[in-house]
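A.B. asks: My structure is below; once you've seen it, I'll send some questions.
The values are calculated or read from the model by the stated rules, or taken from the named source; none is laboratory data. Everything quoted here is computed from the prediction, not taken from an experiment. All Cβ positions, glycine included, derive from the backbone under ideal geometry; neighbour counts span all protein chains shown. Accessible surface is based on the protein model in full, side chains and every heavy atom, while ligands, DNA and RNA are left aside. Shrake-Rupley method; radii C 1.70, N 1.55, O 1.52, S 1.80 Å.
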Amino acid sequence: MHELTLPPVTLEVGLRWLDLVGILAFSMSGALLAVRKRFDLFGVLVLGCVTAVGGGAIRDTLTGQTPPLFLRDETYLWVALLGAVLAFAFGERLARFERTLSVFDSLGLALFAASGALGALNFGLGPLGVAFAGMLSGVGGGIIRDLIANEVPEVMYRRDQLYATAAAAGAAAVYLLHPHVTPFQSQLGGALLVLLLRWLSRQGWVRLPVRRLPGG
């Protein structure tokens, strides 16, 4: 049985497209929250872009790739702006769907956790380093988004919906898959695991334990 491999050009294009999809998803997530908060157009663009590139900037800083990719390749900023504009233009329609924001957020989380893990692997980090870098890459943009919008960061309190834990698990999956498949396949596999864990936790089938102190 032969391992499925992709030509280098196809591989590079595939990884780039995954990154761009993550940028678009996180941008729309941040921009939709800004629309909900009744930010003006500038505020929507800022929150969308910061959400989109925040996780990638953390990823690149952790793995020694400076300046961050979004400054070296402005395509990422253009895609972030596109996502924010789409959210601003169609936010009222999108807001009718209760889970729209969560879907975009989960997709961005998954793709950035996986790409962060791949970047950490290329930098030579071990399993814990890969999981940590992938987790921060995934949750960084969302934390920045929530803080700017004066929200408690979701990663801190949503025990009934796995978030940072899902990102770390997806990053760990990339580490485990990497020796056996192509980088594109390992990144895709890690991202799918994040989405699966998010879905399972939303159904109430997986959650983290909470320790309650007397009188708490």
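A.B. asks: Test residue 48 against the criterion of being of a type outside the set (Ser, Thr, Tyr), within 24 Å of residue 164 (Cβ to Cβ) and at pLDDT 90 or above, and give yes or no.
C.D. replies: Details: of a type outside the set (Ser, Thr, Tyr): yes; within 24 Å of residue 164 (Cβ to Cβ): yes; at pLDDT 90 or above: yes.
Judged against the criteria, residue 48 is a match.
A.B. asks: What helices (runs of 4 or more DSSP H), lying completely within the range 26-142, carry at least 2 residues that are open to solvent by 60 Å² or more (accessible area, probe 1.4 Å) and aromatic (Phe, Trp, Tyr)? Spell out how you get there, then give the answer.
C.D. replies: Details: elements: 41-62, 69-72, 75-94, 100-122.
Once the helices (runs of 4 or more DSSP H) in the range 26-142 are filtered for at least 2 residues that are open to solvent by 60 Å² or more (accessible area, probe 1.4 Å) and aromatic (Phe, Trp, Tyr), what remains is 75-94.
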